[in-house]
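Trainee: The structure's right below; bear with me while I get my questions together.
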Amino acid sequence: MWQSRALTVAVLLCSSLSLAAQAPENSDPKQRSRTARDLAKQGSEAIPKLQAMLADPVVDVRIEVVKGIVDIGTQASLAALIQATRDGDPEIQIRASDGLVNFYLPGYVRTGLSASVRRIGSALMAKFTDTTDQVIDPYVEVRPEVVAALGKLAASGAAAESRANAARACGILRGRAALGDLYEALHSKDSQIIYESLTAIRKIGDPSAAPHIAFLLRDLDEKVEAAALETTGLLRNREALPDLRRVLANPASNKIRRAALTAIAMIPDETSRPDYIRYLSDKDEGMRAAAAEGLARLKNPADLPALEKAFNDERKMPPRLSLAFALVMVGKSETSEFSPLRYLLNSLNSAAWRGVARAFLIELARDPAIRRPIQDAAGSATKAEKIELAQILGASGGRDTLACLEALSHDPDTEVAAAGINALRTLKARLP
């Protein structure tokens with residue numbers, strides 16, 4: 001009897017030891033990392049097990065867990081990634097932030113900060129790219145808890161890199177609910193955090209944010225000051241005009257001088273006219289471009305002769321595009337072969353200049369009288385023009401634009417059709 005009991009106990013003990021050896025929490029870190037990678041291959045069904053492993057005491061294991069959750073990339077991943085943003089390790093915070101963005105902007109993890117993050121001993125190395133134009137389409141709805149998690153991380157993350165990265169994520173996702181956290185981040189001592197927070201505020205585009213960035217218009221970091229100037233202009237903060245003029249009168253550099261005039265040019269005000277007239281013939285092409293844009297937004301037909309002369313005399317592309325924009329704004333909206341509007345439309349074919357032309361056309365298309373010839377041009381446009389016009393009209397069109405975008409969505413070219421469908425979704429999300 002006692003021999004039988006002893007044998008049973010021995011069998012149970014061996015079984016327990018075997019199970020313990022197989023359990024992730026009792027194996028060595030390398031084995032737990034392999035377990036995380038294997039679980040990730042199972043897809044969404046493995047999320048609960050991976051989420052439980054986010055409590056692992058070893059950072060390297062948790063990193064593999066977050067990588068796996070990001071790779072799965074389904075809606076089921078979101079809660080786990082939000083949990084990972086609260087991890088005390090900055091790399092995990094970075095990877096979790098990028099994973100949240102990647103769900104709404106597929107492919108982002110290949111270009112986001114997590115793609116460059118490296119560890120050298122205990123130090124974290126990561127390189128921010130200069131790409132600041134990424135943003136989700138207006139019709140994409142982001143879950144409030146995602147924005148809340150990223151905002152909190154931007155305000156109080158474990159390291160400057162993870163905070164700056166979270167601020168960038170808030171901007172890409174148009175996270176208006178994170179503005180309070182971004183205002184807090186603006187008071188950081190780290191320039192990258194401030195810059196990314198400013199960029200996010202610009203992308204969110206809420207005019208109420210303007211007073212919160214005024215103190216940065218004289219920042220000692222040129223990159224931060226330029227971003228503050230640009231954001232102030234884009235938010236149309238008229239109350240900041242005196243400060244902007246003071247910066248223009250006494251700039252820290254030529255870059256700041258251009259940024260100040262560009263910001264002033266975004267805020268239509270007749271009292272700025274002397275500055276525009278003065279700099280329309282400046283030796284700096286950036287200043288000439290900004291001056292032309294300022295006159296454009298005043299929309300005074302009396303400026304037509306001076307603008308036409310400047311357009312015909314100009315040889316540099318940036319101010320020439322700005323002058324074309326100005327001429328259309330003051331009434332030259334025909335699309336004949338050598339017209340300024342045709343010049344802007346033709347520039348959509350240029351990889352180097354289509355971004356500039358697109359921005360001007362988006363602004364022009366807000367005016368129904370100008371929008372009509374732009375829509376008419378879509379019928380005979382090139383492939384590149386059609387793709388760009390779809391984006392332009394989706395951003396600035398009205399109900400009168402639906403037919404044009406419907407036609408583009410049925411274009412024989414699949415890329416044009418895809419652009420048309422996407423633009424229709426954007427437009428319908430904007431319309432009341």
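The values are calculated or read from the model by the stated rules, or taken from the named source; none is laboratory data. Please read all numbers here as calculations on a predicted model, not as lab measurements. Positions of Cβ are backbone-derived with ideal geometry, glycine not excepted, and every protein chain shown enters the neighbour counts.
Trainee: Please work out if Arg218 is touching a residue at least 24 places away in the same chain (Cβ under 8 Å), in contact with an Asp or Glu (Cβ under 8 Å, 6 or more places away or on another chain) and not in a helix (DSSP H, G or I).
Mentor: yes
Trainee: List the helices (runs of 4 or more DSSP H) that sit entirely inside segment 42-127 and contain at least 2 residues that are over 20 Å from Ala166 (Cα atoms).
Mentor: Counting at least 2 such residues, we get 47-53, 59-72.
Trainee: Please tell me if Ala226 is surrounded by 20 or more Cβ atoms within 10 Å (Cβ to Cβ), under 28 Å from the mean Cα position of the chain (by Cα) and of a type in the set (Gly, Ala, Ser).
Mentor: Yes: the conditions hold for Ala226.
Trainee: Evaluate segment 398-419: report whether one residue or more is in a helix (DSSP H, G or I), more than 25 Å from the chain's Cα centre (by Cα), modelled with pLDDT of 95 or more and closer than 27 Å to Thr132 by Cβ.
Mentor: no
Okay, residues lined up against (1) out of contact with any Leu (no Cβ under 7 Å at 6 or more places or on another chain); (2) farther than 30 Å from Tyr279 by Cα:
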| site | (1), (2) |
| --- | --- |
| Leu327 | no, no |
| Ser336 | yes, no |
| Lys386 | no, yes |
| His410 | yes, yes |
| Ala423 | no, yes |
| Leu427 | no, yes |
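Trainee: Being buried (at least 24 other Cβ atoms within 10 Å of the Cβ) and farther than 19 Å from Arg95 by Cβ is the requirement here; does Leu182 meet it?
Mentor: yes
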